[in-house]
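The values are calculated or read from the model by the stated rules, or taken from the named source; none is laboratory data. It should be emphasised that the depicted structure is a prediction, and the values quoted were computed from it without experimental measurement. Neighbour counts are summed over all protein chains in view; Cβ atoms, including those assigned to glycine, are modelled from backbone coordinates with ideal geometry. We work out accessible area using only protein heavy atoms, side chains counted, and drop any ligands, DNA or RNA first. Shrake-Rupley method; radii C 1.70, N 1.55, O 1.52, S 1.80 Å.
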Amino acid sequence: MKPRPMLFKDLPLVYAIECESFSTPWSLEALKEEMCNSLAYYVVVEKEGQVVGYGGLWVVEGEGEIINIGVRKAYRGQGIGKSILEELIAYGQQKGACQMTLEVRESNEVARYMYTSFGFQVIGKRKGYYNAPKEDALMMQLQL
Ligand SMILES: CC(C)(COP(=O)(O)OP(=O)(O)OC[C@H]1O[C@@H](n2cnc3c(N)ncnc32)[C@H](O)[C@@H]1OP(=O)(O)O)[C@@H](O)C(=O)NCCC(=O)NCCS
């Protein structure tokens, strides 16, 4: 279940995870562009020969920002999200990041539990950050 770097061939299934996981998913085009972003690092997890989870971060000037983590509904609760987060944090550390940040919907308890279990702490709130439905984002941070 070890995450591996995401490849162009993974994009259709990554897009399917994105659509299943978020009410305002990134487009396939946006995901393609991310593959060419030199500041970004994306990984996937495969099970039974299929991509079932993915996640990515940017590392900019000593700060890692978790961009997205999503797992296919049928595969949730099996440790895949944690394995992705662990890999992204390790990559940030390797690239010299001093801290990791992220935004999460205030009502997203599962994701908040996951981030908290890794030591992320709430450092602020962005009012009305998300659409569909409109909701505040909690900003979370982990010191490395
Ligand atoms: C958030 C998400 C990525 C977690 O992935 P996952 O593979 O199901 O998570 P894991 O099985 O690795 O569990 C990670 C932690 O999440 C929390 N968690 C998982 N399922 C949970 C549940 N049903 N209730 C409460 N907490 C839960 C726990 O803290 C768990 O750690 P633990 O097993 O040590 O207690 C997944 O639920 C998902 O894709 N959600 C939709 C997209 C999303 O919200 N992404 C995050 C955006 S910021």
Pairs, please: C-beta under 6 Å, at least 6 apart or cross-chain, first residue under 15 Å from Val71 (Cβ atoms) and near the ligand (Cβ under 8 Å from one of its atoms) and in the range 108-121, second open to solvent by less than 40 Å² (accessible area, probe 1.4 Å) and among the β-branched types (Val, Ile, Thr)?
Ala111/Val104
Before we move on, is Ala111 among the hydrophobic types (A, V, I, L, M, F, W, C), open to solvent by 30 Å² or more (accessible area, probe 1.4 Å) and not in a loop (DSSP other than H, G, I, E, B)?
no
Test set (1) modelled with pLDDT under 95; (2) closer than 19 Å to Leu102 by Cα; (3) away from the ligand (no atom under 12 Å from the Cβ) - Met35 fails condition number:
(2)
In the range 73-89, how many are farther than 17 Å from Phe22 by Cβ, near the ligand (Cβ under 6 Å from one of its atoms) and of a type in the set (Gly, Ala, Ser)?
2
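So that you can scan it fast, the table gives a plain yes or no per residue for (1) in contact with a Gly (Cβ under 6 Å, 6 or more places away or on another chain); (2) at pLDDT 95 or above; (3) open to solvent by less than 20 Å² (accessible area, probe 1.4 Å):
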position: Val14; (1), (2), (3): no, yes, yes
position: Tyr41; (1), (2), (3): no, yes, no
position: Val45; (1), (2), (3): yes, yes, yes
position: Ile67; (1), (2), (3): yes, yes, no
position: Gly70; (1), (2), (3): no, yes, yes
